1. Looking at the range 74-88, can you tell me whether even one residue there is closer than 28 Å to Gly9 by Cα, in a loop (DSSP other than H, G, I, E, B), modelled with pLDDT under 80 and out of contact with any helix residue (DSSP H, G or I) (no Cβ under 7 Å at 6 or more places or on another chain)?
2. Could you look through the range 28-55, keep only residues that are open to solvent by less than 60 Å² (accessible area, probe 1.4 Å) and in a loop (DSSP other than H, G, I, E, B), and pick out the one that is modelled with the lowest pLDDT?
3. Against the conditions (1) farther than 19 Å from Arg15 by Cα; (2) open to solvent by 60 Å² or more (accessible area, probe 1.4 Å); (3) modelled with pLDDT under 75, where does Pro62 fall short? Just the number, please.
Amino acid sequence: MDSTQSDDGNGRIARLVLAAGLGAAALWSLRKGKRLRGALAGVGAAALGYSATSDADGVTEPLAEEFDIDATGESDEVESDAAESDHLRCAACGEPIVAGQVRSPNEDGETVHESCLEATA
């Protein structure tokens, strides 16, 4: 038999509980006159509630990729081989481009490090 619960069932329940808690904290803060704290808790509750109830993984997948969170449950060896081929590489030097490095397209439209682009200019 197939399970009707998704792989992220426990995480979804946890996000719902946290959203409810933040919603209660937002209401409590607003009643006490702490508008900024109440507004921030309300925004957090709305964001957690949306991510827990929507089927779109557009909110959580980019974060999982950036922080290298294994969402599929595969072994580390298989994922490391696949991750090496999936990284963005500089067209000029061939080195991988990591998050935070400045990059831009060259005249051919390929992605290169900004330092490699300046060196070729």
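The values are calculated or read from the model by the stated rules, or taken from the named source; none is laboratory data. Given the structure is predicted, the values throughout are model-derived calculations rather than measurements. Positions of Cβ are backbone-derived with ideal geometry, glycine not excepted, and every protein chain shown enters the neighbour counts. Side chains are part of the model used for accessible areas, which takes the heavy atoms of the whole protein and leaves out ligands, DNA and RNA. Shrake-Rupley method; radii C 1.70, N 1.55, O 1.52, S 1.80 Å.
1. For the range 74-88, residues closer than 28 Å to Gly9 by Cα, in a loop (DSSP other than H, G, I, E, B), modelled with pLDDT under 80 and out of contact with any helix residue (DSSP H, G or I) (no Cβ under 7 Å at 6 or more places or on another chain): present.
2. Across the range 28-55, the extreme among qualifying residues is Ser54.
3. Going through (1) farther than 19 Å from Arg15 by Cα; (2) open to solvent by 60 Å² or more (accessible area, probe 1.4 Å); (3) modelled with pLDDT under 75 one by one, Pro62 breaks only (1).
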